[in-house]
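One structure is given below, encoded as structure tokens.
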Amino acid sequence: MTIEQKPRRHFHDELDTLQKRLMQMAGIVERSLGVATDAVDSRDPTVAATIMSDDDRVDELEVEIDERVMELLALHQPMATDLRQIIASNKVANDLERIGDHAVNIAKAARRLADTNPLPKLRELTEMTEITREMVSDALAAYVSRNAGTARMVCVTDDKVDNLRRSLFRILVTHMLEDPKRIGAALELLLVSQNLERIADLSTNIAEDVVFLVEGRTIKHGMDGHQVLDSDEDDALD
């Protein structure tokens, strides 16, 4: 190995470690979301403590990832594809940390639900939960496989979650007006739906970062097709 090759190998070893930490973080967050939403359905008050403990680990991983990102940028001054990967990793980690926080909120709502009068099963909430969990899973799968097509589908799906949240709001308000004894449960489910909507938004953020990583394009704010680095410049940097 030449002297010039050693720093390059070290850089890619550090980049691999960064990705491993990110995937570890993603696994914890995805599991926490599943447990929290299942707890809402079963009105299980016992899971909140476990999810809060897992969230502490997620916070630790986010700090470690931030530090590794800063070190990679400062010591290696990466360009083009490598730079995009580091930037995307940092942004995905931040979004995962926030998804973890929302999973904690959902678990806490499930704990409080156990002390309220139950509502009839709400198809809209079930569908909203399923779609949101799929969005998280699909966004992460798109990141791992570098699949911009899957990422774009996640972005499109976000509208379904928004529509379900609005429908669920109307249904829950109706329950509260018809029976004051249901107000407590309805308010908790409103909180759950708001957190699910935010998780869907954060999944969309991750999906947009995948497109940026793969294509060097930003699709935020309807800017699909706008290239962050123009093709000649990008080729020159690679």
*residue 17 fails exactly one of the following numbered conditions: (1) under 30 Å from residue 185 (Cα atoms); (2) polar (S, T, N, Q); (3) touching a residue at least 12 places away in the same chain (Cβ under 8 Å). What is the number of that condition?*
(1)
*Does residue 100 satisfy the criteria of being within 19 Å of residue 41 (Cα to Cα), modelled with pLDDT of 95 or more and assigned to a helix (DSSP H, G or I)?*
yes
_I'd like to know if the range 124-133 contains one or more residues that are part of a helix (DSSP H, G or I) and over 21 Å from residue 43 (Cβ atoms)._
yes
_Just to be sure I understand the filter: pairs with C-beta atoms under 6 Å, separated by 6 or more residues or on different chains, first member in the range 71-96 and touching a residue at least 12 places away in the same chain (Cβ under 8 Å), second member polar (S, T, N, Q) and buried (at least 17 other Cβ atoms within 10 Å of the Cβ). Which pairs pass?_
95/205
_Selection from the range 55-83 of residues that are within 30 Å of residue 34 (Cα to Cα) and either in contact with a Lys or Arg (Cβ under 7 Å, 6 or more places away or on another chain) or not acidic (Asp, Glu) (or both)_ = 57, 58, 61, 63, 64, 65, 68, 69
_Residue identified as at pLDDT below 95, out of contact with any Leu (no Cβ under 9 Å at 6 or more places or on another chain) and not in a helix (DSSP H, G or I) among 224, 234_ = 224
*Spot the failing condition for residue 22; the list is (1) under 30 Å from residue 108 (Cβ atoms); (2) crowded, with 17+ Cβ neighbours inside 10 Å; (3) without any contact (Cβ under 8 Å) to a residue 60 or more places away in the chain, and only one is missed.*
(3)
*asked:* For the structure I just gave you, tell me whether residue 108 is within 24 Å of residue 136 (Cα to Cα) and without any contact (Cβ under 8 Å) to a residue 40 or more places away in the chain.
replied: no
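The values are calculated or read from the model by the stated rules, or taken from the named source; none is laboratory data. It should be emphasised that the depicted structure is a prediction, and the values quoted were computed from it without experimental measurement. Reconstructed Cβ throughout: ideal geometry from the backbone, glycine too, with neighbour counts over all protein chains shown.
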